[in-house]
């Protein structure tokens, strides 16, 4: 079996990945159109994301090696060849390495 | 707002801890009554915090950036990041430290559509460059194989990585925005997710010829193929058929085919020439060379027309062309070739020894002498890489070790050779791997890393086994 990786006519743009430990799952329904959280930007690539009552601390970093973003292509009838499309390339990712911490708001501050 | 939770490993807590500490409830910014806290505080203080949390979530939901910024910038861990401006504003006014822009991460409306699911494959920069230059990238292998990714000329094994991380994908690149003087929100879309992650292993520096040979040999061209002509026309494999099963790049397959007795026919199909076919054809060619009346087939001058005139119909034109190109040397500016004696001897050696495996050297020399055209001398060095001469109690013995018929995997071939003879120098081993290792350096590296050795009296390294 052969699966050809093809590019799109408009080229291969650069995308970005967000990497989080564990799984995220919606309380009800799907994720479509919902908000994941709010990012507050720190210095030196540090990032804080508020997700509900929790805070995730992360950092923007370069990937060790480039990542090809591959999408299965629908099989064209009458053609034996199977294709997959390289939609994008990823060189940067936002990584949340540590566990979420509860967001504590103090009025005293 | 956030109707989801992040799942993490449950932490072990004893009942006393539970009584003292209240775990942070999973947040829902849409619920104003959501509360958070770690240490039990006085009821008034707690109510204030609850109220502040609810206000914050309402502010985020309604896009009240000023309130959100004011609240967060007074609390950890945001105070360090967001308040840098107040400490450094004189020095870094309007620099990236002045982060008053907050980014809302929203799932796109088509996030859960099948088209938003992607596989991520970690690759070398050389693969990216090859792809950008327009080289084909192809994943190859049968369903039971570990997949490989091939560029036009290289092969990389693929490995699927098991991971417990969630990877979300954004079409835009996130970066700290240049913040305006007033706090504000910007929105970024999460456009897709990753369902599998893979990585490429280092490039394969050996030709995986085993399956290629197996496939081609299944449908080899036999000497008596004319007896089943119609049936035979359907046999053979096109390059594309081979690449469906063989885990090699196009260039690697083409390179491997050059070393094999394989002929390409006008219908685009490749056929392997059986040992019998080659033996019979070579016998006829030697007879032609010996025949004094045949002036168009001589060791010094041999042509397609000459061979075609004398060879029977069951030797197709393409096989004659293959013989001339693979075994002979073209004479410049002429449509003729020269057949080097060495090539003829080597081919005849394969023909003689393939069936028997080994025979006494004197018996072999006698037989070879009878077949070879008059005046051709045989030196023992000519057998390098196809046969080996060893001492036995009754005299010298020649053993067939043609790479074509040796095991195809490197380790098995090594074991086969070490079983035949215990000690080999690197130079003695190398010719038996010429068909699979195209680079001397790669082969030497394999031997050094994987073979056991001992030192001879002269200090030479002699290899004796595979680790």
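Summary table
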{"item": "Matching option when the condition is crowded, with 17+ Cβ neighbours inside 10 Å, more than 7 Å from chain A (Cβ to nearest Cβ) and over 14 Å from residue B:196 (Cβ atoms), among B:144, B:138, B:155", "result": "B:155"}
{"item": "Close pairs from the stretch B:167-193: first more than 9 Å from chain A (Cβ to nearest Cβ), partner outside any loop (DSSP other than H, G, I, E, B) and loosely packed, with under 15 Cβ neighbours inside 10 Å, Cβ under 8 Å, at least 6 apart", "result": "B:182/B:66; B:183/B:66; B:183/B:70"}
{"item": "Some residue of the stretch B:378-397 being assigned to a loop (DSSP other than H, G, I, E, B), modelled with pLDDT under 90 and over 16 Å from residue B:364 (Cα atoms)", "result": "yes"}
{"item": "The stretch B:426-460, residues that are surrounded by 14 or more Cβ atoms within 10 Å (Cβ to Cβ), over 20 Å from the mean Cα position of the chain (by Cα) and not in a helix (DSSP H, G or I)", "result": "B:451, B:453"}
{"item": "From A:11, A:58, residue being closer than 25 Å to residue B:125 by Cβ, more than 7 Å from chain B (Cβ to nearest Cβ) and either in a strand (DSSP E or B) or modelled with pLDDT of 85 or more (or both)", "result": "A:11"}
{"item": "Tally of residues being at the interface with another protein chain (Cβ under 7 Å from one of its Cβ atoms) and either part of a strand (DSSP E or B) or in contact (Cβ under 8 Å) with a residue 40 or more places away in the chain (or both) across the stretch A:29-48", "result": "9"}
{"item": "Options B:317, B:347, B:333; residue that is out of contact with any strand residue (DSSP E or B) (no Cβ under 8 Å at 6 or more places or on another chain) and buried (at least 16 other Cβ atoms within 10 Å of the Cβ)", "result": "B:347"}
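The values are calculated or read from the model by the stated rules, or taken from the named source; none is laboratory data. Remember, predicted model here, so these are calculated numbers, not experimental data. In this analysis, Cβ positions are derived from the backbone assuming ideal geometry, glycine residues included, and neighbour counts consider all displayed protein chains.
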